[in-house]
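The values are calculated or read from the model by the stated rules, or taken from the named source; none is laboratory data. None of these values were measured; they are calculated from a predicted model. All Cβ positions, even for glycine, are placed from backbone atoms using ideal geometry, and neighbour counts span all protein chains on display. Surface accessibility is based on the protein's heavy atoms, side chains included, excluding ligands, DNA and RNA. Shrake-Rupley method; radii C 1.70, N 1.55, O 1.52, S 1.80 Å.
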Amino acid sequence: MTDFIALVDQDDAITGYADKMDVHVKGLLHRAFSIIIFNAKNEMLIHRRADEKYHSPGLWTNACCSHLPEGKEMDDIIYERLYHEMGIQCPLEHSFTFHYQVGFDHGLIENEIDHVYFGFFDGIPSPNPDEVSEWKWINLNDLYKDVITSPGSYTYWFKHIILNYKNEIFSFCSK
């Protein structure tokens, strides 16, 4: 089955849809989302991507990340993917949006406008083994230190969020 995801212009307006692998081979600008989950202890839920993922396998990242597929709306797909990847259901709040572009060693290119959502969850995740090889809750200060000292252990987009949006993260946690 072919996965078609939303292509966007620089203003994040959808311009069409294309095969997910073609998008990443050609480096086409597309819409993505990242979901960051906190618990009542202000710890962040992170997971190690499954080794079978088409890029960034085995790296630590935020609770959930994906693309806007054809035929779906952001307000629906964020909840569907969070449940699919981590077995979590919780309210989500859009926090910020950013653009990044990066090439990977294996020739794929991410060129995304990434919509970042925050949520609170105090239960126990039930991750999908096709998506997640392991997970943990981590203290925010410990996470920041580890991202700086071991950047090769984390996905590019997650490092970008952690290092550039610290105020938004701590502001949300202080609610």
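Structure values in brief
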| item | result |
| --- | --- |
| Residues satisfying the stated conditions in the stretch 8-20, i.e. open to solvent by less than 70 Å² (accessible area, probe 1.4 Å) and closer than 16 Å to ILE77 by Cβ | VAL8, ASP12, LYS20 |
| Selected residue (criterion: nearest to the chain's Cα centre (by Cα)) from residues of the stretch 90-130 that are of a type in the set (Asp, Glu) and buried (at least 18 other Cβ atoms within 10 Å of the Cβ) | ASP114 |
| The stretch 119-164: number of residues that are of a type in the set (Phe, Trp, Tyr), touching a helix residue (DSSP H, G or I) at 6+ places or on another chain (Cβ under 8 Å) and not in a helix (DSSP H, G or I) | 2 |
| Near pairs, Cβ below 9 angstrom, 6+ apart or cross-chain, from the stretch 1-28 (under 15 Å from ILE109 (Cα atoms) and touching a residue at least 12 places away in the same chain (Cβ under 8 Å)) to any residue that is among the charged types (D, E, K, R) and not in a loop (DSSP other than H, G, I, E, B) | ILE5/ASP19; ILE5/LYS20; ILE5/ARG31; LEU7/ARG31; ALA18/LYS26; HIS24/GLU110; GLY27/GLU110; LEU28/ASP22 |
| Count - residues of the stretch 49-87 that are open to solvent by less than 20 Å² (accessible area, probe 1.4 Å), charged (D, E, K, R) and more than 13 Å from SER153 (Cα to Cα) | 1 |
| Every residue from the stretch 122-139 that is of a type outside the set (Val, Ile, Thr) and under 11 Å from ASN39 (Cβ atoms) | ASP122, GLY123, PRO125, TRP137, ASN139 |
| Restricting the stretch 138-152 to residues that are buried (at least 16 other Cβ atoms within 10 Å of the Cβ) and under 12 Å from LEU45 (Cα atoms), the residue that is modelled with the highest pLDDT | LEU143 |
